[in-house]
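Just below is one structure, and these are the notes that go with it.
The values are calculated or read from the model by the stated rules, or taken from the named source; none is laboratory data. All values derive from a computational prediction rather than experimental measurement. Quick reminder, even Gly has a Cβ in these numbers, built from the backbone with ideal geometry, and neighbours come from all protein chains shown. SASA here: full protein model, heavy atoms, side chains in, ligands and nucleic acids out. Shrake-Rupley method; radii C 1.70, N 1.55, O 1.52, S 1.80 Å.
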Amino acid sequence: MTDRRTDERGFLSGPHTTERPRATSTAVYGARFDAPPDRVFAFCTTRSGLERSMPGVVRVLHWPEDGLAEGETMVLSWRIAGVVPVRWVGVIDSFEDGEHFTDLQLRGLFRYFRHTHTVAPDGTGTAYTDRVEFASRFGVLLDRTVVRFVMNRMFLRRLALMRDLVEEAAHP
């Protein structure tokens with residue numbers, strides 16, 4: 001039996017795939033949070049944390065009832081430039097409570113997209129890292145230039161927003 005939440009395709013959602021192509025690019029983004037690791041991790045693994053920290057308007061169409069765990073799926077949607085609808089379906093393919101989790105795209109804009117979120121103690125705060133391995137449908141040259149430029153802007157804005165939200169909650 002199929003699950004409509006994960007099998008439906010939106011415009012630009014691409015075919016179902018988790019196969020890693022030979023050529024991928026990797027982007028790593030990091031930030032330090034003035035909050036304990038458990039607070040940062042909890043923020044990252046909640047539906048409200050995701051919705052509040054994403055630049056632009058990302059709608060959560062499906063979120064696991066019992067929270068993120070290995071094997072659980074989530075479905076997000078947004079519009080590119082406010083016009084072109086995108087549906088993204090991901091599965092949590094690795095989860096270590098309080099330390100890291102990885103979401104792997106099942107359907108979405110990319111040929112391959114694997115995003116690892118890691119928290120680690122850093123003095124009195126937290127070192128947070130996003131590691132993204134990706135391959136677009138446009139090829140390596142555009143991945144390393146145009147796609148990387150767009151991702152840099154998005155991830156750096158997201159990290160700044162996350163920091164504000166997490167630190168605000170840590171120091172009311």
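Could you give me the residue pairs with C-beta distances under 6 Å whose first residue belongs to segment 114-125 and is in contact (Cβ under 8 Å) with a residue 24 or more places away in the chain, whose second residue is open to solvent by 70 Å² or more (accessible area, probe 1.4 Å) wherever it lies, and which are 6+ apart or on separate chains?
Between residues of segment 114-125 that are in contact (Cβ under 8 Å) with a residue 24 or more places away in the chain and residues that are open to solvent by 70 Å² or more (accessible area, probe 1.4 Å), the close pairs are ASP122/ARG32; GLY125/ARG32.
For segment 72-93, what are the residues that are under 11 Å from GLY108 (Cα atoms) and within 12 Å of the chain's Cα centre (by Cα)?
Passing the criteria: VAL75, LEU76, TRP88, VAL89, GLY90.
So for segment 49-63 (the condition being at pLDDT 95 or above, open to solvent by 30 Å² or more (accessible area, probe 1.4 Å), within 21 Å of THR129 (Cβ to Cβ) and of a type in the set (Lys, Arg)), does at least one residue qualify?
Taking every residue of segment 49-63 in turn, none turns out to be at pLDDT 95 or above, open to solvent by 30 Å² or more (accessible area, probe 1.4 Å), within 21 Å of THR129 (Cβ to Cβ) and of a type in the set (Lys, Arg).
So ALA81 passes all but one of these: (1) farther than 25 Å from ARG22 by Cβ; (2) in contact with a helix residue (DSSP H, G or I) (Cβ under 9 Å, 6 or more places away or on another chain); (3) open to solvent by 70 Å² or more (accessible area, probe 1.4 Å). Which condition number does it fail?
(2) is the only condition that ALA81 fails.
Any residue at all in segment 152-172 that's surrounded by 15 or more Cβ atoms within 10 Å (Cβ to Cβ) and closer than 15 Å to LEU109 by Cα?
No: segment 152-172 contains no residue that is surrounded by 15 or more Cβ atoms within 10 Å (Cβ to Cβ) and closer than 15 Å to LEU109 by Cα.
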